[in-house]
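Below is a structure I'd like to ask you about.
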Amino acid sequence: MDHKPISAVLAENALDDAVTAMCLESRPRLFALARMDYQAEDAEIIAWLLVWDERIVVQRCDRSNVNSYETRADFMAVYGPRLKNRTYKLVSMDGRPMADGIPYRLAGE
């Protein structure tokens, strides 16, 4: 049975730890996009969002395609009016609050 030198094992462990830290640091936040119907007192989840500092990816529940927005402004051009009039609501899946309904990492976290 071949054994690795302890220095090789320690180097592999250090790389594993570094990769894990890198992935945790750059992971997206998860949001649900709900459509609100206040008159009917009803709502439905219509999309899931993955939010990075530089990009938002939207997976609509009723479609097979995925939309990617390179900037907050691009996302707001599509969804901003509906978020501002409360037709849609973004719900953070990690419980962290959002300023003005927009994922706050994109709003300057």
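Which residues, counting only those in segment 1-45, are of a type in the set (Asp, Glu) and open to solvent by less than 100 Å² (accessible area, probe 1.4 Å)?
In the first step, residues of segment 1-45 are kept if they are of a type in the set (Asp, Glu); the result is 2, 12, 16-17, 25, 37, 41-42, 44.
Answer for segment 1-45, where residues must be of a type in the set (Asp, Glu) and open to solvent by less than 100 Å² (accessible area, probe 1.4 Å): GLU12, ASP16, ASP37, ASP42, GLU44.
Ok, one more. Just wondering, is there one or more residues in segment 46-60 that are closer than 14 Å to TYR88 by Cα, in contact (Cβ under 8 Å) with a residue 12 or more places away in the chain, open to solvent by 80 Å² or more (accessible area, probe 1.4 Å) and assigned to a strand (DSSP E or B)?
Within segment 46-60, one or more residues are closer than 14 Å to TYR88 by Cα, in contact (Cβ under 8 Å) with a residue 12 or more places away in the chain, open to solvent by 80 Å² or more (accessible area, probe 1.4 Å) and assigned to a strand (DSSP E or B).
Out of segment 73-82, which residues are under 16 Å from TRP48 (Cβ atoms) and surrounded by 14 or more Cβ atoms within 10 Å (Cβ to Cβ)?
Our first condition is that a residue be under 16 Å from TRP48 (Cβ atoms); within segment 73-82, this holds for 75, 78-79.
Within segment 73-82, PHE75, TYR79 meet the criteria.
May I pose another question? Filtering segment 74-101 down to residues that are more than 16 Å from the chain's Cα centre (by Cα) and among the aliphatic types (A, V, I, L, M), which residue is modelled with the lowest pLDDT?
If we take residues in segment 74-101 being more than 16 Å from the chain's Cα centre (by Cα) and among the aliphatic types (A, V, I, L, M), then LEU83 is modelled with the lowest pLDDT.
Does any residue in segment 81-93 that is within 15 Å of ILE45 (Cβ to Cβ) and in contact (Cβ under 8 Å) with a residue 12 or more places away in the chain come within less than 7 Å, Cβ to Cβ, of a residue that is open to solvent by less than 90 Å² (accessible area, probe 1.4 Å) and assigned to a helix (DSSP H, G or I) six or more places away or on a different chain, and which pairs are these?
TYR88/TYR79; TYR88/ARG82; LEU90/LEU83
Conditions: (1) over 18 Å from the mean Cα position of the chain (by Cα); (2) assigned to a strand (DSSP E or B); (3) more than 19 Å from THR87 (Cα to Cα). ALA43 meets all but one. Number of the miss?
Tallying (1) over 18 Å from the mean Cα position of the chain (by Cα); (2) assigned to a strand (DSSP E or B); (3) more than 19 Å from THR87 (Cα to Cα), ALA43 fails exactly one: (3).
Among the numbered criteria (1) within 21 Å of GLY95 (Cβ to Cβ); (2) part of a helix (DSSP H, G or I), which one does ALA18 miss?
Tallying (1) within 21 Å of GLY95 (Cβ to Cβ); (2) part of a helix (DSSP H, G or I), ALA18 fails exactly one: (1).
Now for a separate question. Looking at (1) aliphatic (A, V, I, L, M); (2) open to solvent by less than 70 Å² (accessible area, probe 1.4 Å); (3) at pLDDT 90 or above, can you tell me which one VAL66 breaks?
(2)
The values are calculated or read from the model by the stated rules, or taken from the named source; none is laboratory data. Here the structure is a predicted model, which means the values were calculated and not measured. For neighbour counting, all protein chains shown are included, and Cβ atoms are generated from backbone atoms with ideal geometry for every residue, glycine included. With ligands, DNA and RNA removed, areas are computed over all heavy atoms of the protein, side chains included. Shrake-Rupley method; radii C 1.70, N 1.55, O 1.52, S 1.80 Å.
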